[in-house]
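Remarks on the structure that follows.
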Amino acid sequence: MYDVVIIGAGTAGLSAAIYAKRAGKSVMVLEEAYYGGQIVNTPHVENYPGIKEISGFDFATGIYEQAVELGTEIVFAKAEEIRNTDTGKEILAGGVTYPCKSIILATGSKNRPLGLEHERELTGKGISYCATCDGAFFKGKTVAVFGGGNTAVADALYLSDTCETVYLIHRRNEFRAEKELQQRLSGRKNIVSLMEKRVTALFGNDSLTGIEIEDVVTGEKTELKTDGLFVAIGRMPDNYRFENVVELDKNGYIMAGEDCKTKTGGIFAAGDCRTKQVRQLTTAAADGAIAALAACEYVG
Ligand code: NAP
């Protein structure tokens with residue numbers, strides 16, 4: 001019977017593990033994919049206090065190693081169900097049932113898909129959701145990035161180092177990304193911003209050859225030849241399997257306040273999966289600490 005089981009090995013989940021271990025609790029982290037969460041896809045982290053610059057992967061590796069060295073047990077399996085029992089709670093993951101006294105949900109979010117025909121078949125064949133993972137395949141080629149947030153602008157900057165031309169496509173006439181990132185765009189001659197446009201179709205059989213772009217003002221549609229399309233149109237939560245124990249808002253985020261407490265005693269929500277205004281590395285780490293200390297208090 002673990003004192004604390006954390007679902008998700010991103011910044012929030014691993015921060016929670018560090019705090020709970022240092023409080024002397026038995027801790028297990030369940031992770032369905034890879035450690036580190038969303039930050040591993042960010043080429044440069046420059047806004048975490050105390051660290052001037054670090055790659056997302058190095059940041060994630062540091063926090064993972066810190067949690068493991070403290071004695072956190074990490075199991076790579078997808079948590080499928082949570083049940084309340086007479087003695088506590090249990091989590092079903094990968095065909096195994098894990099009994100525990102408290103649970104911290106730190107499930108983060110997943111990439112928002114385009115929702116276009118052929119998207120799935122062409123993923124990995126020209127379409128990517130991670131510039132740092134797949135950018136090297138497009139060296140010297142033409143690529144497009146779709147989105148206007150920090151991820152899209154950072155991806156475009158990253159890809160412009162090695163790609164011939166980078167089209168940055170955004171549906172509005174101004175980017176959502178931080179001004180500091182936006183300012184760097186003007187220094188890159190090979191980044192072409194296509195504003196008030198959206199991607200409406202994907203072309204190619206075995207691999208992506210081009211995309212259809214619609215002008216959102218005039219409705220005019222044109223074809224843009226490109227070898228790659230990096231989709232960076234935000235993220236969405238993935239919590240519906242836990243609806244029996246937590247309340248979700250209309251967008252699927254877990255209802256929990258700044259104390260990270262959900263409607264069920266002993267179940268907490270931390271990081272991007274929680275209803276909140278600001279989703280940053282700093283707020284994910286802060287949530288991890290708050291949720292862990294609350295879980296430790298609950299366990300006693
Ligand atoms: P985001 O900030 O939510 O931005 C998503 C972008 O995609 C927005 O520009 C949005 O357009 C656009 N978009 C959303 N749905 C769309 C659709 N259906 N079709 C076309 N465009 C669509 O997402 P993100 O850039 O992935 O960032 C996620 C979080 O991580 C944010 O909190 C961000 O600050 C953080 N982050 C931080 C850094 C950093 O270095 N500080 C780096 C990466 C991510 P609109 O602008 O019109 O809404």
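Read-outs: derived from the displayed coordinates by stated rules, not from any lab. Predicted, not measured: the structure shown is a model, and the values here were computed from it. FYI the Cβ positions are ideal-geometry reconstructions off the backbone, even for glycines, and counts take in every protein chain you see.
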- Task: Subtract the Cα-Cα distance of Q280 and N173 from 0.36 nm times their separation in residues, and report this length gain in nm to one decimal.
- Result: 36.1 nm
- Message: Placing unit charges on C-beta atoms (Lys and Arg positive, Asp and Glu negative, everything else neutral), compute the dipole magnitude of the range 1-144 about its Cα centre in debye, rounded to 20.
- Response: 180 debye
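Would you work out the charge dipole size for the range 23-106 about its Cα centre, treating the Cβ of every Lys and Arg as +1 and the Cβ of every Asp and Glu as -1, and quote it to the nearest 20 debye? Can you show the working numbers first?
Numbers: 6 positive and 12 negative charges, 52 e Å.
Charge dipole, the range 23-106, about its Cα centre: 260 debye, nearest 20.
Past the 22 angstrom mark, what percentage of all C-alpha to C-alpha distances in the range 211-300 do you count?
Values: 1811 of 4005 pairs.
When every Cα pair of the range 211-300 is considered, 45 percent fall beyond 22 Å.
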- Query: So which cysteines of the chain have no other cysteine's Cβ under 4.7 Å from theirs?
  - Reply: C100, C163, C260, C273, C296
- Helix-only mean residue ellipticity at 222 nm for the chain, each DSSP H run of n ≥ 4 adding -39500 (n - 2.57), per residue, nearest 500: -7000 deg cm²/dmol
- Task: Give the span of the range 256-300's Cα atoms along each principal axis, as three whole-Å numbers ordered largest to smallest.
- Result: 30, 18, 12
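Ranked by Cβ crowding within 10 angstrom, fewest neighbours first, how are D58, D86, D3, D287 ordered?
On the way: D58 15, D86 4, D3 21, D287 29.
So the residues, fewest neighbours to most, are D86, D58, D3, D287.
Where the eigenvalues come from the Cα gyration tensor of the range 169-273, what are the semi-axes √(5λ) of the equivalent ellipsoid, largest first, in whole Å?
Details: eigenvalues 286, 73, 34 Å².
For the range 169-273, the semi-axes come out at 38, 19, 13 Å.
For the range 66-191, report the % of Cα-Cα distances exceeding 24 Å.
On the way: 3996 of 7875 pairs.
The proportion of pairs with Cα distances above 24 Å equals 51 percent.
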- Any chance you could give the angle, 0 to 90 degrees and rounded to 10, that helix 150-160 forms with the longest Cα principal axis of the chain? 50 degrees
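Decide, for the range 115-187, between rounded, prolate and oblate: order the square roots of the alpha carbon gyration tensor eigenvalues as a ≥ b ≥ c, take rounded if a/c falls under 1.5, and otherwise choose prolate if a/b is larger than b/c, else oblate. Mind showing how you got there, number by number?
On the way: a/c = 2.18, a/b = 1.33, b/c = 1.64.
Oblate.
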- Query: Expressed in nm², what is the orientationally averaged projection area of the convex hull enclosing the Cα positions of the range 4-147?
  - Reply: 11.4 nm²
- Message: As I understand it, the value is the acute angle between the Cα axis of helix 281-299 and the longest principal axis of the Cα atoms of the chain; what does it come to in degrees, rounded to 10?
- Response: 20 degrees
- Dipole of the range 138-273 [Lys/Arg +1, Asp/Glu -1 at C-beta], most positive-end residue of Y253, G149, L185: L185
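Would you mind ranking F268, F175 so that the residue whose beta carbon has the fewest other beta carbons within 10 Å leads the list? It would help to have the intermediate numbers written out before the result.
On the way: F268 31, F175 20.
The order, fewest Cβ neighbours first, is F175, F268.
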- From the residues G204, G271, G228, which one has its Cα farthest along the dipole of the range 188-300 in the positive direction, the dipole being from +1 and -1 charges on Cβ of Lys/Arg and Asp/Glu about the Cα centre? G271
- Task: Hey, could you grab the Kirkwood Rh for the range 9-79? Inverse mean 1/r over distinct alpha carbon pairs, Å, one decimal.
- Result: 12.4 Å
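What dipole magnitude, in Debye to the nearest 20, does the range 65-135 give about its Cα centre under +1 on Lys/Arg Cβ and -1 on Asp/Glu Cβ? Don't skip to the end; give the middle numbers.
Values: 8 positive and 11 negative charges, 37 e Å.
With Lys and Arg at +1 and Asp and Glu at -1, about 180 debye.
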- How are the C-alpha pair distances of the chain spread across 20 Å bins, as whole percents from the shortest bin up? 33, 51, 16, 0
